[in-house]
Amino acid sequence: MARAAYKVPQSVLVVIHTPAWRVLLLERADAPGFWQSVTGAKDTPDEPWAVTAVREVAEETGIDAHAPGCVLTDWGLENVYEIYPRWRHRYAPGVMYNTERVFGLCVPEGTPVRLSPREHTAYAWLPWRDAAERCFSPSNAEAILWLPRFARGGIIRA
């Protein structure tokens, strides 16, 4: 019987937002009350960051990042953080840190969301500051607060 592969300690964080800077947050199925943006690990260490971002968005939300009106942007930011103890078993023994590349995905207002029930139980579109406050992850909250700097063509609505 083949042993399950460990997760690659390189992942993406994709802040999905509308032109009016409403941000999509997802509630984790394995941690009720933990709200976050789309996150997910590379399938292989050499998988390009953007490929990982597009795949994870599709898997977790059903959104096609290449659909008309969608714009995926690599923000050029990376976070290195200690993996939460509750999730370390998913990584090879001794792996303590993950590198996370940050992307933004601008989607048209009213874009439908189809959750992966094994990963998420609920979603919410929130004004960007409210979304940052709801995130359980400090790096996710910080990324959302960077939205005004990286979003192009959006209109801020407090």
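The values are calculated or read from the model by the stated rules, or taken from the named source; none is laboratory data. Only a predicted model underlies this, so the values are computations on that prediction, with no experimental measurement involved. Virtual Cβ from ideal backbone geometry, glycine too; neighbours counted across all protein chains shown. Accessible surface areas use protein heavy atoms only, side chains included; no ligands, DNA or RNA. Shrake-Rupley method; radii C 1.70, N 1.55, O 1.52, S 1.80 Å.
For this structure, a couple of remarks:
- Restricting attention to the range 78-95, the residues that are open to solvent by 30 Å² or more (accessible area, probe 1.4 Å) and either polar (S, T, N, Q) or farther than 14 Å from Gln10 by Cβ (or both) total 9.
- For the range 86-100, the criterion of being under 20 Å from Glu56 (Cα atoms), touching a residue at least 40 places away in the same chain (Cβ under 8 Å), out of contact with any Pro (no Cβ under 9 Å at 6 or more places or on another chain) and not basic (Lys, Arg) is met by at least one residue.
- Filtered residues of the range 65-77 (kept if touching a helix residue (DSSP H, G or I) at 6+ places or on another chain (Cβ under 6 Å) and either loosely packed, with under 13 Cβ neighbours inside 10 Å or not aliphatic (A, V, I, L, M) (or both)): Trp75
- Annotation note: of Ser116, Ser139, the sole residue that is out of contact with any strand residue (DSSP E or B) (no Cβ under 7 Å at 6 or more places or on another chain) and open to solvent by less than 80 Å² (accessible area, probe 1.4 Å) is Ser116.
- Segments classed as strands (runs of 3 or more DSSP E), wholly inside the range 1-53, with at least 3 members that are modelled with pLDDT of 95 or more, among the hydrophobic types (A, V, I, L, M, F, W, C) and surrounded by 13 or more Cβ atoms within 10 Å (Cβ to Cβ): 10-17, 22-28
- Look at the range 7-25: where a residue is under 12 Å from Pro108 (Cα atoms) and a partner is open to solvent by 10 Å² or more (accessible area, probe 1.4 Å) and among the basic types (Lys, Arg), sitting 6+ places away or on another chain with Cβ atoms under 6 Å, you get Ala20/Arg157.
- Flag if Ala65 is of a type outside the set (Val, Ile, Thr), more than 21 Å from His89 (Cβ to Cβ), at pLDDT 95 or above and assigned to a helix (DSSP H, G or I): no
- The range 110-158 holds helices (runs of 4 or more DSSP H) entirely within its bounds, and those carrying 2 or more residues that are at pLDDT 95 or above and within 14 Å of the chain's Cα centre (by Cα) map to 128-134, 138-145.
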